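Notes follow the structure.
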Amino acid sequence: MQVPPDLALALAANPAAAATFDQVDAAHRYAIVHRFNAVKGPATRDRELTEYVDMLARGESLHPRTARQDRR
């Protein structure tokens with residue numbers, strides 16, 4: 001799975017978001033990238049980019065982590 005360049009730049013500019021993105025498992029990363037790639041309009045893409053980076057900076061992911069995932 002390849003991270004889109006605009007998402008990669010936004011993550012590089014926000015260390016907290018990048019750290020969360022690196023810590024979540026591959027399924028969570030895939031979900032973010034897949035949903036981000038599904039957005040076509042530039043205004044919507046910019047809005048989603050901001051929302052995803054803010055979410056990751058707060059230490060959150062699209063799907064709640066289960067107790068099993070937290071034990072890793």
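The values are calculated or read from the model by the stated rules, or taken from the named source; none is laboratory data. Given the structure is predicted, the values throughout are model-derived calculations rather than measurements. Note that we place each Cβ from the backbone using ideal geometry, even for glycine, and neighbour counts take in every protein chain shown.
Some points to look at:
- Residue, modelled with the lowest pLDDT, within the range 52-72, restricted to residues that are surrounded by 12 or more Cβ atoms within 10 Å (Cβ to Cβ) and part of a helix (DSSP H, G or I): Q69
- Close pairs from the range 45-58: first free of Cβ contacts under 8 Å to residues at least 12 places away in the same chain, partner charged (D, E, K, R) and part of a helix (DSSP H, G or I), Cβ under 7 Å, at least 6 apart: none
- Residues in the range 7-31 that are surrounded by fewer than 17 Cβ atoms within 10 Å (Cβ to Cβ) and either touching a Gly at 6+ places or on another chain (Cβ under 8 Å) or within 14 Å of R58 (Cβ to Cβ) (or both): 5 in all.
- Annotation note: Cβ proximity below 6 Å between a residue of the range 6-34 that is under 20 Å from T44 (Cα atoms) and a residue that is in a helix (DSSP H, G or I) and among the hydroxyl-bearing types (S, T, Y) (sequence gap 6+ or interchain) occurs for I32/Y52.
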